[in-house]
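Readers should treat all values here as calculations from the given coordinates under stated rules, not as data from a laboratory. The structure displayed is predicted, hence computed values, not measured ones. Glycine also receives a Cβ, built like all others from the backbone with ideal geometry; neighbour counts cover every protein chain displayed.
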Amino acid sequence: MIFKEYLPRSLFGRSLLILVGPLVLLQLVVAAVFVERHIEAVTRQIAGSTARELNYAIDAVEQAANAADGQRRLDALAGPLGMTLTLSEGDSVPSETLRRFYDIAGGAVEQTLKSDLRRPLALEGDLSDRELTARILTDKGVLTARIDRRRLSVSNAHQLFVITLAAAMALLVVAVIFLRNQIRPIRALAAAADAFGKGRAVPFQPAGAEEVRRAGAAFLSMRASIERQIESRTRMLSGVSHDLRTPLTRMKLALAMLEADGADTQDMEADIRAMERMIDEFLAFARQEAGEEPEAVDPRSVAEQAVAAARRSGGAPELRDERAGAATDLVTMRAGAVARALGNLLDNALSFGTAVSLTLRASSRHLEFEVEDDGPGIPAARREEALKPFARLDVSRNQDRGAGVGLGLSIAAEVARAHGGALILGESARLGGLSARLRLPR
């Protein structure tokens, strides 16, 4: 639609437009019909009565012996008729009537007088004038009649418009109040759904119309089901992790008690350490910091925490803060989960590149952490696959150089989605390798 971009985008705005539009159109139609038919009809009746009085005055003038006699007769009629009547010499009147275009009643008066008098006639005056001057050609000269404009206008015609407008405004105010009450539960539902998409569970109570209540109840049921599923998965993998750690611990004790210190023993110890890392990654992927509550934190402190952890592991990532001054305020997030996600991205970058940087950016709507490296990168056709759990891209990222199980990017992506954001993979324009942008809503 051509006017779609000009229409309100909110439900309240569109509902208000649906309510106000027909109401305004109805007022315009009623006003047009009232002006065209009622006011014009009444004006014609009043003008017809005035035309008959003027015809009587014209007959009196034409029956007079001369102009002076005609003026005496007009003076006698002026009082009873309520007009100022004068007779002057002349054999013509102006051909044009001096009347403004918006004087609708004046048009009806002019047409009625010309139709009833059937003589050359000219009128001067409009709604803003107190008097209407009529110049009529007679046998004895030009009859000039000055008529009070109130005699030719409908009294208090504006009252109908004032009353209908006042009633419409009062009803509109009541309707807007009721409409806001109906929209409020929908806004609360949208806010609760948006907060849940960002990893926050805000209190919500279904209210409003039956359909809105049903939608709210369905949302609460869905939220509870998802929370139960996450809790069940976390509890299950926590148990699995605990069960697996027990035999691993026994194996480590057995190896420690062995007197041999050969290559086979070192390989077994390396395998045990790798299995422990796998268990930790499995548990982190399933848990996603389910017990951590969102809080307002400084994004730079989260980035510094992840960079410090990477440096303790032997890496040397660079931290860059490109935020504007107005965008350096606190952001609500699960700081632990975001720090672990950044740690996974940094570990991934350090495994395949030598130069690594973490850049912090912010706008009015988003907060972005970008991890860049100078490694081989990931082809554009396989970036979506790289975000899947347990994905190992052997061709683009050498598997022998990494010790993970393919959950690093998946965990970071899950953390971003839990906050209502996304993990975007691309090519680093600055370092030439992989660019991983963790984008979170503000």
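Which of 83, 278 has the fewest other C-beta atoms within 10 Å, and how do the rest follow up to the most?
Going from sparsest to densest Cβ surroundings: 278, 83.
Ordered by the number of other Cβ atoms lying within 10 Å of each residue's own Cβ, fewest first, 323, 151, 250 fall into the sequence 250, 151, 323. Of the trypsin sites (Lys or Arg not before Pro) found in region 1-97, those that fall in a DSSP loop while having at most 16 other beta-carbon atoms within 10 Å are 9.
For 242, 366, 419, the sequence from fewest to most other C-beta atoms within 10 Å is 242, 366, 419.
Need one number: nm distance between label points at residue 194 and residue 170, each 7 Å from Cα along Cα→Cβ, rounded to one decimal. Output for this residue pair reads 3.7 nm. For a paramagnetic label modelled on residue 364 (point 7 Å from Cα along Cα→Cβ), amide N atoms under 18 Å away belong, within region 311-355, to 323-331.
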